[in-house]
Each structure stands twice: as structure tokens, then as C-alpha cells.
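What follows is a single structure, written as C-alpha cells, with notes after it.
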Amino acid sequence: MPEACILCRIIKGEIPSKPVYDDERVIAIRDINPQAPTHILVVPKKHIASLAAADEADAGVLGEIQMVAKKLSADLKLEGFRLVLNNGRIAGQSVDHIHYHLLGGRRLAWPPG
Ligand code: AMP
Ligand code: ZN
């Protein structure tokens, strides 16, 4: 786990956060720079640099993330939502620890930018 990884530091409590979801394997926090009225990052506690770097053993926690997103969307009564993962700089990934963006609370255009 890289010392400087901002999500690992949040998970370890070195950077204070108010998780909206927290279990053994997954944490969810509000994005610091929200792109929609609801913008939550759903994150595996294991440091995995990207989806491209994930392996078969990570399939369970990546599946759990979808169930957490479903639960949060229901808890927050989102009419619809989008779950986005950016992989690689060209696709907009800026933090090298897998995180899924849960976006909702407004109409979301398609195709995305
Ligand atoms: P991505 O560009 O897909 O790698 O997404 C990284 C996201 O992390 C961006 O939406 C940032 O706004 C968000 N972010 C960066 N630092 C923090 C932080 N300390 N707390 C919450 N969200 C953060
Ligand atoms: Zn990390």
C-alpha cells in the first residue's frame, strides 16, 4: 500500500472523514468536489491501483461495491443513478486506488464527456 495513497490514508483514519457506509471490505465517502447533488465514492479497503490491476481474487469485493451502491441509492431515494469507474489517466482517473463514483440527484447526460 503506497504511503501517499489518499484513499488508504482516509481508510486508516489518518485523514478524517465521515463515511456514509463502512464495513469490513468497503467504505463510501462523499466526493470533495461533487459533480452532482449526490456524488459518493465507493471504495474497496484493499489497495488496488485500478480495475486493470485487479485480479480474480478481487471479484468478490468489486461485486460487493455494486450492492453497496444499490443500498446507498435506495437509502438516499435516488430516482436514478450512475456508477462510474475511471481507469487510466486518459479516462479521467486521478487517484490510483479503485473507487466507483455514485452520481445522482440530477439528469445525467449520455454519452458522458
Ligand atoms: P478519479 O478522477 O476518477 O480518480 O476520481 C478521484 C475523485 O476523488 C475526484 O472526484 C476527487 O474530487 C475525489 N477526491 C480527491 N481527494 C478527496 C478527498 N480527500 N475526499 C473525498 N474525495 C476526494
Ligand atoms: Zn490505496
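Bear in mind these aren't lab numbers, they're just calculated from the coordinates by the rules spelled out. Keep in mind the model is a prediction, meaning the values are calculated, not measured. Positions of Cβ are backbone-derived with ideal geometry, glycine not excepted, and every protein chain shown enters the neighbour counts.
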message: I'd like the orientation of helix 59-75 relative to the chain: the angle between its Cα long axis and the longest Cα principal axis, in ° from 0 to 90, rounded to 10.
response: 40 degrees
message: Could you give each residue of segment 36-44 its phi-based ³J(HN,Hα) in whole Hz, using Karplus coefficients 6.51, -1.76, 1.60 with θ = phi - 60°, and x for Gly or Pro?
response: 7, x, 10, 9, 10, 9, 9, 10, x
- prompt: Residue by residue through segment 28-35, which ³J(HN,Hα) values in whole Hz follow from phi under the Karplus form 6.51 cos²θ - 1.76 cosθ + 1.60 (θ = phi - 60°), with glycine and proline marked x?
  reply: 10, 9, 6, 5, 5, 10, x, 9
- line: Filtering GluC sites (Glu not before Pro) in segment 1-91 by DSSP loop and by at most 12 other Cβ atoms within 10 Å leaves 3, 14, 24, 79
Extended-chain gain in nm, criterion 0.36 nm per residue less alpha-carbon gap, residue 77 and residue 50: 6.8 nm
field: Residue exposure sequence - 46, 71 - by fewest surrounding Cβ within 10 Å
entry: 71, 46
field: Residues whose placed amide H lies under 5 Å from that of residue 31, excluding near-sequence neighbours
entry: 39, 40, 41
statement: What helix-only [θ] at 222 nm does the chain give? Using -39500 (n - 2.57) per DSSP H run of at least 4, over all residues, to the nearest 500, the answer is -6500 deg cm²/dmol
field: Volume of the Cα convex hull of the chain, divided per residue and given in Å³
entry: 111 Å³
- request: Please identify, among 78, 41, 103, the residue showing maximal mean-square fluctuation in a Gaussian network model of the chain using a 10 angstrom Cα cutoff.
  value: 78
Cβ-defined net charge surrounding residue 25, 13 Å radius [Lys, Arg +1; Asp, Glu -1]: -3
